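A short write-up of the structure that comes next.
The values are calculated or read from the model by the stated rules, or taken from the named source; none is laboratory data. Every value quoted in this text rests on a predicted model; they were computed, and no experiment measured them. Note: ideal-geometry Cβ built from the backbone for every residue, glycine included; neighbour counts use all protein chains shown.
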Amino acid sequence: MKRTVLAALILLVTAIGAACLLGGCSSSSSSGPDVSVDADLVLTPATGTVLRDVVCDASGSASRSRALEYRWDFDGDGTWDTAWSSTPTAEHRFSGADTITVVVKVRDGEATDEAEAQFVVDNRHGHEVSATLVGGNGPQCLAWDGSHIWRSDWSADEFYRTDPFTGAVVETLAAVNQWPNGIEWDGTSLWVTDSLGGMRMFEIDPTTGDTLFSFPAGSSNFAGGIAWDGTYLYQGRRPGAGYPGSINKYMPDGTLVETLPPPRGTRTPFGLAFDGENLWFADANVDTLYALDPTDGSVRWAVHAEYLMWGVTVDDEGMLWVHRTGVGYHIARIVP
């Protein structure tokens, strides 16, 4: 009986030893690798405006015994935007959608795991919905023509018809003179002003760049933005350094109807636009967009917006677009 029990124990120990050799054994004191990976991702902030740096932090990811590497897909499109790196954090500047999904992939040499988090674009008044970098050195005014944005750049003496979502220039027109400022679209023609050339307002054929009509827009040291409300043209003017600007209201034949005051505390009406009810006013000297009563220029409300603003226009959905500085020159879509 004792021999039988001893033989059974020997067979059991032999079997266990064989299993360890073939499949591996582990215990709390084992120094063997643990290849399980648990990915974690936190965005700071998780809500905010576009064109700001967001910290993508995967440092909470875990592998008990191996160093981790990370790669990033910043827009959730399934394409990795970075190579593998040992750094668990990345900064990224978002633009475009209302909600953006960020994905991080984590590996420890043998196992991988993924985690995702969402950055929600804050759509409060004055915040950006999208922003597109554009070229140039002298951003001025904007005009919406139903599908594209015309923008002026005094440094290049040109007007550019631009895809607002890609920044691609689809058409270029030479400026009437050497310092193009205001630009507006009336459904058929472009209206432009120039701080040189006698301070005139020009009606331009958008296909040829030819001047169809012009009229004097009053003496001023600076010609600002233009807006069209279907009946009247509004032109921003600054008479001289240190003096407040004004907004002239014209008939398309050049007849001056009245002069409106700018918002208090502003002096340079760089951008003007009409949304069907309000005359929008942008001044690069203040980080504010003003909604004005087009009959008397009184301020109905004001919307704070970041960075210096040079031009403003309104698209078919009633969203504001501004031409401004910030991270290079760009056009940004703003919640009114």
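Here residue 114 clears all of (1) within 23 Å of the chain's Cα centre (by Cα); (2) among the acidic types (Asp, Glu); (3) not assigned by TED's automatic domain parsing to the domain that holds residue 323 except the condition numbered (1).
Look through 234, 290, 250 and report the one residue that is within 15 Å of residue 142 (Cα to Cα), touching a residue at least 24 places away in the same chain (Cβ under 8 Å) and hydroxyl-bearing (Ser, Thr, Tyr).
On the way: 290 fails: within 15 Å of residue 142 (Cα to Cα); 250 fails: within 15 Å of residue 142 (Cα to Cα).
It is 234.
Going through (1) assigned to a loop (DSSP other than H, G, I, E, B); (2) among the charged types (D, E, K, R); (3) in the same structural domain as residue 236 (by TED's automatic domain parsing) one by one, residue 75 falls short only on (3). For the range 68-85, the criterion of a residue being surrounded by fewer than 13 Cβ atoms within 10 Å (Cβ to Cβ), at pLDDT 95 or above, touching a strand residue (DSSP E or B) at 6+ places or on another chain (Cβ under 7 Å) and among the aliphatic types (A, V, I, L, M) is satisfied by at least one position.
Please go through the range 100-136 and pick out each residue that is in a loop (DSSP other than H, G, I, E, B) and of a type in the set (Asp, Glu). First the steps, then the outcome.
We begin by selecting, within the range 100-136, every residue in a loop (DSSP other than H, G, I, E, B); these are 108-111, 122-127, 134-136.
Result: 108, 110, 122.
Strands (runs of 3 or more DSSP E) fully within the range 252-336 that include at least 1 residues being basic (Lys, Arg): 299-304, 320-324, 330-334.
Listed conditions (1) out of contact with any Gly (no Cβ under 9 Å at 6 or more places or on another chain); (2) on the phi > 0 side of the Ramachandran plot are all met by residue 146, apart from (1).
Here's the yes/no breakdown for (1) modelled with pLDDT under 95; (2) more than 24 Å from residue 133 (Cβ to Cβ):
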| residue | (1), (2) |
| --- | --- |
| 33 | yes, yes |
| 91 | yes, no |
| 111 | yes, yes |
| 117 | no, yes |
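So, in the range 123-136, exactly how many residues are modelled with pLDDT under 75 and crowded, with 16+ Cβ neighbours inside 10 Å? Steps first, answer last, please.
Step one: filter the range 123-136 for residues modelled with pLDDT under 75, giving 123-127.
The next check asks that each one be crowded, with 16+ Cβ neighbours inside 10 Å; those that pass are 126-127.
The total comes to 2.
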